[in-house]
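The values are calculated or read from the model by the stated rules, or taken from the named source; none is laboratory data. Here the structure is a predicted model, which means the values were calculated and not measured. Here the Cβ positions follow ideal geometry from the backbone for every residue, glycine too, while neighbour counts run over all protein chains shown.
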Amino acid sequence: MAREFLTVYWREMIRFVRFKGQLFASLVQPALWLLLFGVAMASNFDSSAIPLPEYPGAVSVDYLTFMAAGVMAMTALFTGLFGGMGLLFDKNWGIMKEMMASPMEPYHIQIGVGLGGATKALIQVGLVMGFGILLGVEFFAGFSALETLVAVVGILTFVAVFSVGFIFLSAGLAMRVESMESVQAIMTLLTMPIMFSSNALYSTASFPGWLQAISTVNPLTYFVNGVRYFALGGDFAAMGTHYQYSGGEIVTSLIVLVVFALLTFVFAWFSFRAAKMK
Amino acid sequence: MASKIIEVKNLVHSFGDFKAVDNISFSVEEGEIFSFLGPNGAGKSTTINVLTTQLACQQGSASVCGFDVRSRPHDVRKSIGIVFQDEVLDRDLTVRETLEFHGRIYSMPADLRQAREKELIKLVELEEKVNERTKNLSGGMKRRLEIARGLMTRPKVLFLDEPTIGLDPQTRLRIWDYIKGVNEEGTTIFLTTHYMDEADRLSDSIQIIDHGKIIASGTAESLKNTLGEDMIYLETKDDEKAMRVARGIPEVSEAKRTSQGIELILKADGGKTMPDVLRALEAERIATLSVKMKKPSLDDVFVHYTGREMRDAPAENGLPKRRGH
């Protein structure tokens, strides 16, 4: 079996550890979100005088714990969206020509970059989660060691599938656009709505219908569902909203993310074909 | 007779309405250094891109190492090495990693890859820089690394697209030495260049290309010989009359106007013919303002066939992108 994608992956990883500044920034940014936005918002909400409804039986979760899943999602989203963009540099100032002129099929580039991005996302989200727990995020409360292990594996599975989907999307875009400027524009255009039309930072229950519709086609929503299910359990309340997830819903969420990754895989596949068959 | 390693028949390649390559045919013998000489925008890179299967073969046919570029691109790719015109390096990989990466994407087994890396790093004299990132290399070192990379898979043909563009004269000489060395080891070299001296010094066979068409071909010697033994450039008070007079001299095979005066192509030794020419002009009372004699160069060959100098020819898309550090 052809294994050239492992070579592409190997190079991704060399670059990941070599760009110390970028590595540092990619870890510090979500940590800062958690520290500043999370703590600030939490201190506002949790001390608010308005009594929130109680849901008997549901685990009550503070805001910091609630939004930690959102910051993890943001980390995975950024890593995914920027993961494929390195290809634009390779195209303009790097070795894309070498790869495209070699006998290697271009899907190896796509898979290698996808694996690389997923690895980066796993490391970064893992670190952000650890940092959050140090800050007081109450994940895995009352879980046994085995339950915690299962939960961590579940979360990482969601991280991997989710980030791969966005890496394929950004890789496909990188092969089609020419300039860094257009990339910036597309990134800004994508990240904001994806972030804010999801349940990452607040409940979508009181969204108007149209926004709720967007939220239900937003992969980020499904990702956050998965993380919260594994970290907080299937029945919890936060900010006055009662969340209940069944195992079936979580499997559905994972399937949605897998389908998203498959669609973006196909998109990237065609983008690479088009770039090769000039 | 040596076998033909590259064969091109009636190749046409257009970008929109623009015919970059306009019905060219040629072949390359195994083991030779073959040059495509022409100004920027003449169609050299387009041809190389079709031969290396980076561009589709639109019309006509081309085969490399016995494989048709249209039906067996994968086999073509496996049997060639390429040194691109632009710098194609990952700035953050080291010299060794650059070769390693190449060997791996060409599915070379690990032991062979490592042996070849060592051998090639030695060949291009980058032993001291093995663990240096490519962004810290000089322009010449980068070029040498790219040549080494092109040789990793020990290709039958190495394609070099403007190998010394933007390099200083000393570095160019060194790169030429490497190219010759590689060729002596048995690799066929296909190179494009717009430098006359490069084609002259390196090639066994030259095709001069302009506006997508091959306008002359042969060895450097035979091309220059088409212009005779020597050339005389004259400026006179009456160029029209001077040309007529010169054409009457048996040793003069051709006389024509240039932007500055007239140019005579001689079939005999210029040192002996020059006095005859001057005497004939004097006899007709044509005042001579200046006289210059030289051996024909490839530049003259280009001027002879196109009517203009290669350095005056239009540039492709502005200045070449490569090098300069």
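What to note about this one:
- Within the stretch A:254-278, considering residues that are touching a residue at least 60 places away in the same chain (Cβ under 8 Å) and over 30 Å from A:ASN92 (Cα atoms), the one surrounded by the fewest Cβ atoms within 10 Å (Cβ to Cβ): A:VAL258
- Within the stretch B:104-130, the set of residues being facing another protein chain (nearest Cβ under 9 Å) and surrounded by 17 or more Cβ atoms within 10 Å (Cβ to Cβ) comprises B:ARG104, B:ILE105, B:TYR106.
- Residue in the stretch B:281-288 that is surrounded by fewer than 19 Cβ atoms within 10 Å (Cβ to Cβ), acidic (Asp, Glu) and closer than 30 Å to B:ARG201 by Cα present: no
- Checklist (1) in contact with a Lys or Arg (Cβ under 9 Å, 6 or more places away or on another chain); (2) at pLDDT below 90 applied to A:GLY142, failing item: (1)
- Condition check for A:PHE45: among the hydrophobic types (A, V, I, L, M, F, W, C), farther than 30 Å from B:GLU146 by Cα and without any contact (Cβ under 8 Å) to a residue 12 or more places away in the chain: no
- Scanning the stretch A:206-228 for residues that are in contact (Cβ under 8 Å) with a residue 12 or more places away in the chain and more than 23 Å from A:GLU138 (Cα to Cα) yields a count of 5.
- Selection of the stretch B:250-260 for residues being surrounded by 13 or more Cβ atoms within 10 Å (Cβ to Cβ) and either small (Gly, Ala, Ser) or more than 36 Å from the chain's Cα centre (by Cα) (or both) yields B:SER253, B:ALA255.
- Here the stretch A:92-114 is the region considered, the condition is being within 7 Å of chain B (Cβ to nearest Cβ) and not hydrophobic (A, V, I, L, M, F, W, C), and the residue that is nearest to the chain's Cα centre (by Cα) is A:GLY94.
- Test result for B:PHE18, more than 18 Å from the chain's Cα centre (by Cα) and within 13 Å of chain A (Cβ to nearest Cβ): no
- Unique residue being out of contact with any Leu (no Cβ under 8 Å at 6 or more places or on another chain) and either without any contact (Cβ under 8 Å) to a residue 40 or more places away in the chain or surrounded by fewer than 20 Cβ atoms within 10 Å (Cβ to Cβ) (or both) when the list is B:LYS237, B:LYS267: B:LYS267
- Failed item in (1) buried (at least 20 other Cβ atoms within 10 Å of the Cβ); (2) more than 10 Å from every other protein chain (Cβ to nearest Cβ); (3) in contact with a strand residue (DSSP E or B) (Cβ under 8 Å, 6 or more places away or on another chain); (4) of a type outside the set (S, T, N, Q), with B:LEU93 passing the rest: (2)
- Residues that are of a type in the set (D, E, K, R) and either buried (at least 20 other Cβ atoms within 10 Å of the Cβ) or within 14 Å of another protein chain (Cβ to nearest Cβ) (or both) within the stretch A:55-91 comprise A:ASP90, A:LYS91, listed in sequence order.
- First in the stretch B:39-62 and closer than 17 Å to B:VAL83 by Cβ and touching a residue at least 40 places away in the same chain (Cβ under 8 Å), second anywhere and crowded, with 22+ Cβ neighbours inside 10 Å and of a type in the set (Phe, Trp, Tyr), Cβ under 9 Å, 6 or more apart: B:LYS44/B:PHE36; B:THR47/B:PHE36; B:ILE48/B:PHE36; B:ILE48/B:PHE159; B:ILE48/B:PHE190; B:LEU51/B:PHE159; B:LEU51/B:PHE190; B:THR52/B:PHE159
- B:PHE34 within 12 Å of chain A (Cβ to nearest Cβ), among the aromatic types (Phe, Trp, Tyr), buried (at least 19 other Cβ atoms within 10 Å of the Cβ) and touching a strand residue (DSSP E or B) at 6+ places or on another chain (Cβ under 9 Å): no
- Among (1) touching a residue at least 60 places away in the same chain (Cβ under 8 Å); (2) in contact with a strand residue (DSSP E or B) (Cβ under 9 Å, 6 or more places away or on another chain); (3) surrounded by fewer than 16 Cβ atoms within 10 Å (Cβ to Cβ) - the single one B:SER138 does not satisfy: (2)
- Filtering the stretch A:235-250 to residues that are surrounded by fewer than 19 Cβ atoms within 10 Å (Cβ to Cβ) and of a type in the set (Gly, Ala, Ser) leaves A:GLY240, A:SER246, A:GLY247, A:GLY248.
- Of the strands (runs of 3 or more DSSP E) entirely within the stretch B:238-325, those holding at least 1 residues that are at pLDDT 85 or above and more than 22 Å from B:LYS224 (Cα to Cα) occupy B:288-294.
- Residues in the stretch B:58-87 that are within 12 Å of another protein chain (Cβ to nearest Cβ), farther than 19 Å from A:GLU105 by Cα and either of a type in the set (A, V, I, L, M, F, W, C) or surrounded by fewer than 18 Cβ atoms within 10 Å (Cβ to Cβ) (or both): B:GLN58, B:VAL83, B:PHE84, B:ASP86.
- Count - residues of the stretch A:3-16 that are within 7 Å of another protein chain (Cβ to nearest Cβ) and touching a residue at least 40 places away in the same chain (Cβ under 8 Å): 4
- Selection status of B:PHE101, touching a Lys or Arg at 6+ places or on another chain (Cβ under 7 Å), aromatic (Phe, Trp, Tyr), at pLDDT below 95 and in the same structural domain as B:ASN10 (by TED's automatic domain parsing): no
- If you go through the stretch A:186-219 and pick out every residue that is within 27 Å of A:ASN44 (Cβ to Cβ) and surrounded by 24 or more Cβ atoms within 10 Å (Cβ to Cβ), you end up with 3.
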